[in-house]
Amino acid sequence: MMASGPMREPRDVQSSVRRELARFPAVLEALLKDLDAATWRARPTPAEWAPVEIVCHLRDEEVEDFGARIKIVLEGGAAFSPIDPERWAAERRNARAPLGDALGPAEVTWAEIIGPSRMIV
């Protein structure tokens with residue numbers, strides 16, 4: 001028999017998730033702020049993304065995948081649109097994005113980008 005931890009109230013779990021989501025922009029910035037340009041753009045292997053591409057991917061997923069899907073679920077609507085992150089990365093030239101652009105458009109904060117994800121918690 002598997003031992004399990006104490007039961008937690010859904011509201012407590014939701015509060016915890018909200019706190020962690022709120023911390024994400026600062027944590028991400030702290031992890032990236034000291035990267036030099038070469039490291040920011042370096043792929044560990046040809047098949048792996050560079051930090052800039054990973055950050056762009058996180059942004060794109062929140063804006064065009066998770067946020068859109070959450071909205072469809074909450075508001076009702078059509079089927080989910082197909083996604084193609086590899087194609088997005090190539091078409092958008094994510095490997096060349098400056099840090100600020102990777103994190104999101106200047107007028108949009110990362111907290112606003114992850115806003116739709118917060119609606120479910």
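The values are calculated or read from the model by the stated rules, or taken from the named source; none is laboratory data. Only a predicted model underlies this, so the values are computations on that prediction, with no experimental measurement involved. Glycine gets a Cβ as well: all are built from the backbone with ideal geometry, and neighbour counts include every protein chain shown.
Here are some notes:
- From ARG41, ARG19, ARG69, ARG59, residue being among the basic types (Lys, Arg) and over 24 Å from GLU91 (Cα atoms): ARG19
- Residue among LEU21, LEU28, LEU35, LEU58 that is surrounded by 14 or more Cβ atoms within 10 Å (Cβ to Cβ) and in a loop (DSSP other than H, G, I, E, B): LEU35
- Residues located in the range 58-91, provided they are charged (D, E, K, R) and within 19 Å of LEU28 (Cβ to Cβ): ARG59, ASP60, GLU61, GLU62, GLU64, ASP65
- Residue within the range 74-84 that is among the polar types (S, T, N, Q) and either modelled with pLDDT of 80 or more or more than 17 Å from LEU32 (Cβ to Cβ) (or both) present: yes
- Test: residue in the range 103-117 that is outside any helix (DSSP H, G or I), at pLDDT below 80, closer than 14 Å to PHE24 by Cβ and not small (Gly, Ala, Ser): yes
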